[in-house]
Amino acid sequence: MTPFTLKIVTPDGLLFDGQAEKLVVRTIGGDVAILARHMDYTAPLGMGRAVVETAGQRRTAACMGGMLRVSGGEVTLVPTTFEWSDRIDVGRAEASAARANKILADQNATKADLKLAQARLHRALVRKSVGSAK
């Protein structure tokens with residue numbers, strides 16, 4: 001496959017800067033795959049699995065929120081959170097999901113607490129899914 005330039009930048013810094021043959025990422029409208037010569041494109045990111053293929057190698061990550069931009073043949077992924085699968089602590093993700101479920105089961109929880117717990121649960125489930133598939 002023909003490579004393209006990919007940069008992955010989070011608030012914590014530059015995580016990837018190099019050539020890739022394919023990027024699959026979840027936007028708020030669903031999964032998109034980016035290949036070389038993709039048309040210019042911008043989309044807000046959802047929460048899900050990201051896949052980066054470079055030199056025939058496939059690497060997965062948990063990707064949460066942010067933006068995807070394709071411009072002039074270069075791709076920039078600016079997620080709020082991005083964790084490579086080999087760096088995910090599955091036990092920590094399971095504990096976070098358990099805490100969120102506890103709040104969701106609480107009859108006295110406020111609407112704000114429930115909304116935050118739902119988001120925490122979604123993030124934990126994505127991280128657990130990606131981390132378990134190492």
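The values are calculated or read from the model by the stated rules, or taken from the named source; none is laboratory data. For clarity, every value in this text was computed on a predicted model and none was experimentally measured. Ideal geometry is used to build each Cβ from the backbone, glycine not excepted, and the neighbour counts take in all protein chains shown. These accessible areas exclude ligands, DNA and RNA; they are computed on the full protein's heavy atoms, side chains included. Shrake-Rupley method; radii C 1.70, N 1.55, O 1.52, S 1.80 Å.
Structural remarks
- Complete set of residues in the stretch 7-20 that are more than 18 Å from residue 80 (Cβ to Cβ) and either in contact with a Gly (Cβ under 8 Å, 6 or more places away or on another chain) or open to solvent by 70 Å² or more (accessible area, probe 1.4 Å) (or both): 17, 19
- Residues within the stretch 86-109 that are of a type outside the set (Ser, Thr, Tyr), part of a helix (DSSP H, G or I) and more than 15 Å from the chain's Cα centre (by Cα), tallied: 14
- Here the stretch 33-70 is the region considered, the condition is being in a strand (DSSP E or B), hydrophobic (A, V, I, L, M, F, W, C) and open to solvent by 30 Å² or more (accessible area, probe 1.4 Å), and the residue that is farthest from residue 132 (Cα to Cα) is 67.
- Test: residue in the stretch 110-123 that is without any contact (Cβ under 8 Å) to a residue 60 or more places away in the chain, assigned to a strand (DSSP E or B) and open to solvent by less than 70 Å² (accessible area, probe 1.4 Å): no
- Test: residue 98 is touching a strand residue (DSSP E or B) at 6+ places or on another chain (Cβ under 8 Å), over 21 Å from residue 12 (Cβ atoms) and free of Cβ contacts under 8 Å to residues at least 40 places away in the same chain: no
- The one condition in (1) closer than 23 Å to residue 9 by Cα; (2) part of a helix (DSSP H, G or I) that residue 83 fails to fulfil: (2)
- Tally, over the stretch 71-95, of residues that are open to solvent by less than 10 Å² (accessible area, probe 1.4 Å) and free of Cβ contacts under 8 Å to residues at least 40 places away in the same chain: 1
- Test for residue 26: is it in contact with a strand residue (DSSP E or B) (Cβ under 7 Å, 6 or more places away or on another chain), open to solvent by 20 Å² or more (accessible area, probe 1.4 Å) and closer than 23 Å to residue 12 by Cβ: yes
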